[in-house]
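Trainee: Below you will find the structure I want to go over with you.
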Amino acid sequence: MTSSHNDLYRPPGLLDVLRLPLIGRLLCWRWGRLALQVPLLAAAVLLVIDGFTGPQLAARNLATVAPWVHFRGFAVLVLLLAGNLFCMACPFTLPRTLAKRLSLGGRRFPRRLRNKWIAIASLFLLFVTYEALDLWASPALTAWLIVAYFVASFVLEVVFTESAFCKYICPLGTFNFVYSTLSPTQIGVYDPDVCRACAGKECINGSYSPTPLVRLDDIPGGQREVRHGPQGTPGCGTLLFAPQIESNLDCTMCLDCVRACPHDNVGLFVRQPGRELLHPPAWPKRWDVSLLVMMLAALGLVNAFGMVPPVYELQRALIKTFGIQSEWLLIGLIFGVGGLLLPTVLALLAGVLSRALTRKKLSLRHTVAAFTPAFVPLGFGVWFAHYGFHFLIAPLTIIPVIQEFLGQPGDWAAFSGAADSILIGLVQVAALVLGFLWSLALANRTAMRLYRRDAVPGLLPWALLLLALAFAAGYVFSLPMEMRGSLLMG
Ligand code: SF4
Ligand code: SF4
């Protein structure tokens, strides 16, 4: 380990996971990511096979039970306790390795599209498709969705140099990026002086070259030989520069930067969860990022709303009032208004009020961006309460589903039970209350930092918005929800 020559700099944490025995070696190993991806690729293939050839009953098919009941609950828990491990082991990036070899163009993704607007659109499309096609109830359509994912990732990687699919399009990755800002791990460097002296910046540029090359770097502590060659590793696919990383946003945890760095200067540090939410410079002052965070919180609420009785009353009212016949249009309208339009209008309104009630005149964009991190914990709480519900109503059903997939009788009597309803309720309440308190504390801190003596009026619109979101979520989760994915639902 190198020592820091910069007294002000501190790595994001004291413990580097990559220096732990066994796990550290596995993760740093050249084929470490592949070793994690192959089991998930095998699982995806099995899901597709069962989706196309197995029973078309949602609760008895791997293609519906695994992703819609178990994976999502597991994914939010892992994000909270460990980090963005799903992107790290993502099977959809595997065919990209092949695509990279076929890549002819090597073009950058269009500059105008290098933002989160497409990702917002693809999240919206995924949620509307999920509801309109009842994906949770259709093994074959879920299998098609998995196939479409592989194709999209492959095509994007053939056409563009960077990992455009992960960074700008993938709805799952976007969800993981936003909520991995709460995670307790983060990429960082040990010594920024070493980075300054590093000639190749391999963490972002990679260490691949068609012919072997040798270079000498004058780094603090002496000269170091650096080798490039056909066995080299790629640099960061999402174009993050390791010494400048202050947030998990856009980090797929692929660890390519770790493998490419010739000076062993990159670590995966255990850090304070939500570190960047407290650190304003780490948060981009961009409309696309700010609205993505707010919309994701609102989409979590609308997604849960789609499973409770009032949604049917709303649909009937919309049909009666506007004469809408298309289910796509109906669902698109509910998600569009509740998940995109409303959070945008309310965020702008809160920003305008905050500016009007205080003397410090930050621009509207900066005001909204400053309060954006406060919507991460509560948004996550809403998703956790929702996905936790799905998981807990059928926590072990994957076992008889696998048994039946393998041609054996499924032991439904032993494994189809739901967790205690009081426990489910407690998990949901805890997720919402803790998320709300964390969010409020962040908003309060932002208001204190921005407005000092005007902190209370500056905070008020944002606190009310958070309170409204928490109450709306509490109301939705207090209603009877559809038991999707369990035998009770069919
Ligand atoms: S992290 Fe490694 S490769 Fe990147 S600039 Fe620093 S020393 Fe160079
Ligand atoms: S290469 Fe980029 S995306 Fe991968 S772990 Fe490093 S910083 Fe994250």
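Trainee: Mind giving me the FRET efficiency for residue 479 and residue 57? R0 is 35 Å, r the Cβ-Cβ distance, nearest 0.05 is fine.
Mentor: 0.85
Trainee: Taking the simple approach of a point 7 Å from Cα along Cα-to-Cβ for both residue 125 and residue 286, what is their distance in nm?
Mentor: With each label placed 7 Å out from Cα toward Cβ, I get 1.9 nm.
Trainee: Please work out the FRET efficiency for the pair residue 308 and residue 34, using the Cβ-Cβ distance as r and a Förster radius of 35 Å; give the result to the nearest 0.05.
Mentor: With R0 = 35 Å, the Cβ-Cβ based efficiency is 0.25.
Trainee: What length, rounded to one decimal in nm, is gained on full extension from residue 155 through to residue 454, with 0.36 nm per residue of separation minus their alpha-carbon distance?
Mentor: So the extension gain works out to 102.5 nm.
Trainee: Size of the chain along its principal axes in angstrom, Cα-based, largest extent first?
Mentor: 73, 68, 42
Trainee: Can you sort 416, 363, 180 by how many other beta carbons sit within 10 Å, fewest first? List each step's numbers first, then the result.
Mentor: Details: 416 19, 363 11, 180 30.
Fewest-to-most ranking of 416, 363, 180: 363, 416, 180.
Trainee: Sticking with this structure for a sec: Return the distance in nm (one decimal) between the two label points of a simple spin-label model at residue 421 and residue 363, each offset 7 Å from Cα along Cα→Cβ.
Mentor: Using points 7 Å along Cα→Cβ, the separation is 5.3 nm.
Trainee: Once both labels are modelled 7 Å past Cα along the beta-carbon direction, what's the residue 25-residue 325 spacing in nm?
Mentor: Computed distance between label sites residue 25 and residue 325 equals 6.8 nm.
Trainee: Give me the orientation-averaged projected area of the Cα convex hull of segment 185-271, in nm², one decimal.
Mentor: Numbers: hull surface 21.4 nm².
That works out to 5.3 nm².
Trainee: Expected output is a single nm value to one decimal: the length gained when fully extending between residue 209 and residue 15, i.e. 0.36 nm times separation in residues minus the C-alpha distance. What is it?
Mentor: Residue separation times 0.36 nm, minus the Cα-Cα distance, leaves 66.6 nm.
Trainee: Starting from 0.36 nm per residue, how many nanometres of slack lie between residue 197 and residue 239 once their C-alpha separation is accounted for?
Mentor: On the way: separation 42, 0.36 × 42 = 15.12 nm, distance 1.98 nm.
Difference between extended and current length: 13.1 nm.
Trainee: Could you pull out every whole DSSP H run in the chain that spans at least 24 Å of Cα extent along its own axis and averages 0.0 or higher on the Kyte-Doolittle scale?
Mentor: Helices meeting the criterion: 32-53, 139-159, 287-305, 375-393, 421-451, 455-478.
Trainee: Sorting 462, 31 on the 10 Å Cβ count, fewest up front, what's the list?
Mentor: The order, fewest Cβ neighbours first, is 31, 462.
Trainee: If you don't mind, another one. Just rank 228, 386, 366, fewest to most, by other beta-carbon atoms within 10 angstrom.
Mentor: Ranking 228, 386, 366 by Cβ neighbours within 10 Å, fewest first, gives 366, 228, 386.
Trainee: Before rounding to the nearest 500, sum -39500 (n - 2.57) across all DSSP H runs of length at least 4 in the chain and divide by the residue total; then give [θ] at 222 nm in deg cm²/dmol.
Mentor: Rounded to the nearest 500, it is -17000 deg cm²/dmol.
Trainee: Once amide H atoms are built 1.01 Å from N in the peptide plane, which residues 5 or more positions from residue 206, or in another chain, come under 5 Å H to H?
Mentor: Sorted by chain and number, the residues that satisfy this are 235, 236.
We did not get these values from a lab; they are worked out from the coordinates using the rules stated. These numbers come from a predicted model, not from an experiment. Glycine also receives a Cβ, built like all others from the backbone with ideal geometry; neighbour counts cover every protein chain displayed.
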